[in-house]
1. Loop only by DSSP, 16 or fewer other Cβ within 10 Å of the Cβ. Give me the GluC sites (Glu not before Pro) in the stretch 84-118 that pass, ordered by residue number.
2. If packing is taken as the mean number of other Cβ atoms within 10 Å per residue, what is the order of 120-128, 4-12, highest first?
3. Counting Lys and Arg as +1 and Asp and Glu as -1, what is the net charge of the other residues whose Cβ lies under 10 Å from the Cβ of Y122?
4. Please report, in debye to the nearest 20, how large the charge dipole of the chain is about its Cα centre when each Lys and Arg carries +1 at its beta carbon and each Asp and Glu carries -1 there.
5. What Rg and what Dmax come out for the chain when only alpha-carbon atoms are used, in angstroms?
6. Would you work out which of A4, Y64, F15 lies farthest towards the positive end of the dipole of the chain? Charges go on Cβ: Lys and Arg +1, Asp and Glu -1.
7. In terms of modelled amide H atoms, which long-range or inter-chain residues lie less than 5 Å from the amide H of L27?
8. Counting only helical runs of four or more DSSP H residues, what would the 222 nm mean residue ellipticity of the chain come to if each run contributes -39,500 (n - 2.57) and the total is spread over all its residues?
Amino acid sequence: MSIAALLMSITSLGFLMYAIYRDRYTLEASAEYLESFANMADAVIIRIANVGRRPSSPRQLIAYCPEAERFVHLLREGGKPIVLSESAYYEIVLDDQQVPLADWPLEKINRWEVLDSRGFVYPVKNGASVVKAYAKHMKGTS
């Protein structure tokens with residue numbers, strides 16, 4: 001009887017640990033280049049997705065240069081912070097309409113990150129390579 005109780009306790013603890021692991025805040029960010037067509041100019045789109053089970057709020061898009069210089073863009077929609085529920089995503093187009101690219105040395109940026117409201121930092125997958133590869137096209141559209 002005590003062995004069965006011990007096994008049930010260990011199993012219950014395992015399920016609890018798994019639920020705690022799944023029930024967390026997590027963002028994923030990635031970059032993608034879109035060529036121009038019709039009336040749209042070349043642009044890089046950064047997609048920030050909530051892959052956790054709790055609502056999360058991305059606050060800043062941060063770009064870093066090797067000279068320890070950093071550029072910050074606040075992520076807001078209609079003047080309000082963005083809140084992403086479970087499986088929701090937010091896309092930001094890197095162009096002069098949404099981000100002041102004229103002031104940013106796109107060719108020198110070596111790291112892109114997203115900062116959330118709790119202070120956690122998430123890297124933007126392919127961010128530096130995509131932006132560096134197409135920086136001259138993006139600057140040409142500003």
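1. Working: sites: E86, E91, E107, E113; in loops: E86, E107.
Filter output for the stretch 84-118: E86, E107.
2. Details: 120-128: 17.0, 4-12: 9.7.
The packing order, highest mean first, is 120-128, 4-12.
3. On the way: positive: K125; negative: E28, E113, D116.
Spelling it out: positives minus negatives among the neighbours equals -2.
4. 460
5. Over the chain's Cα set, Rg and Dmax evaluate to 20.1, 75 Å.
6. Result: A4.
7. V51
8. Working: 2 runs with 35 residues, N = 142.
After summing the helix terms and dividing by the residues of the chain, the value is -8500 deg cm²/dmol.
Here, each number is a calculation from the coordinates, and none is a lab measurement. It should be emphasised that the depicted structure is a prediction, and the values quoted were computed from it without experimental measurement. Cβ sites come from the backbone with ideal geometry, for glycine too, and all protein chains shown count toward neighbours.
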